[in-house]
Amino acid sequence: MSIDSIGKVSGTLPAGLPTTRPGGQSDAGFGDALKDLIGAVDGSATQANDAVGRMLDGTGDVHEAVIAMQKADTMLQLTVQIRNKIVQAYQDIMRMPV
């Protein structure tokens, strides 16, 4: 038995169903939300690295670098906790009797 990836599952809709919600919002899938979150974490880490580089060059502020590093750390911790919840939910589903 093969299991489709999140992108395949979230991107498929039966024929005839609308891809937008009644309020006009687009119907973004779970996989898209995870990709956006991971992209935001990566961007935050890049900003922190840039801020530290500027601090070391003398063109940046120490406070800016510390704040950027703390923001990147907080976003990473949030992402890890979300991953833990997803793994826990998957394990709970796998334990359910059929």
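Bear in mind these aren't lab numbers, they're just calculated from the coordinates by the rules spelled out. As the structure is a prediction and not an experimental result, all values here were calculated from the model. Cβ coordinates were reconstructed from backbone atoms using ideal geometry, including for glycine residues, and neighbour counts include every protein chain displayed.
Worth a mention:
- For segment 67-86, backbone nitrogen atoms closer than 17 Å to the point 7 Å from Ala33 Cα along Cα-to-C-beta are found at 78-86.
- Full-extension gain in nm, Gln81 to Asp61, via 0.36 nm per residue minus C-alpha separation: 4.1 nm
- If you look at the Cα atoms of segment 28-95, you get an Rg and a Dmax of 16.0, 56 Å.
- Segment 32-98: relative contact order in percent, alpha carbon pairs under 8 Å with at least 6 residues between: 30
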